[in-house]
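Before any comments, here is the structure.
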Amino acid sequence: MSASLLVELFTEELPPKALKQLGEAFATSIATSLAAQGLAPVVGDPCFFATPRRLAVRLEDVLAAAPVRSETKKLMPVKVAFDAAGKPTPALLKRLEKEGATADMLSREMEGNAEYAFLKRMLPGARLADGLQAALEDAIAK
């Protein structure tokens, strides 16, 4: 389910001549970040508000959580990933541990003349609370 979202940032006194630029930059940064996380649609010009003591942005159709997405990542050639008996090598096991994955999430696919081990998994979508926090930190830093 999507809804409207109003993000308001209270500030110290901002220079009146810079309000439009600061408001646009804040709104664009929040909207771009949420869109990149799959939480909001891509918006050309988000609706923003700016006063000497606050910046705000209103976004429409924001999701509480982004949809689940699939990820495929090429890990390494099969001849490095598996030994002669077809068991995972220490190199593959170490890489899987780093990725937080297991051997049952692997597939083998040809790419060019070589066969590679690919990691295929479903990743949960970002939650709005976490995504908004990251967007705010990024916007403030910019």
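The values are calculated or read from the model by the stated rules, or taken from the named source; none is laboratory data. Being a predicted model, the structure only gives us computed values, none of them experimental. Neighbour counts run over all protein chains shown; Cβ positions are idealised from the backbone, glycine included. Protein only, heavy atoms only, side chains kept; ligands, DNA and RNA dropped before computing areas. Shrake-Rupley method; radii C 1.70, N 1.55, O 1.52, S 1.80 Å.
Here are the numbers for the structure shown:
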read-out	value
Test result for GLY125, farther than 24 Å from LEU55 by Cβ, in contact with a Gly (Cβ under 8 Å, 6 or more places away or on another chain) and of a type outside the set (Val, Ile, Thr)	yes
Yes/no for SER107 being within 26 Å of the chain's Cα centre (by Cα), among the hydroxyl-bearing types (Ser, Thr, Tyr) and farther than 30 Å from PHE10 by Cα	yes
Qualifying residue in segment 90-113 (condition: closer than 26 Å to THR28 by Cβ and not hydrophobic (A, V, I, L, M, F, W, C))	no
Any hit, segment 10-17, residues being part of a helix (DSSP H, G or I), open to solvent by less than 70 Å² (accessible area, probe 1.4 Å) and either modelled with pLDDT under 95 or of a type in the set (A, V, I, L, M, F, W, C) (or both)	no
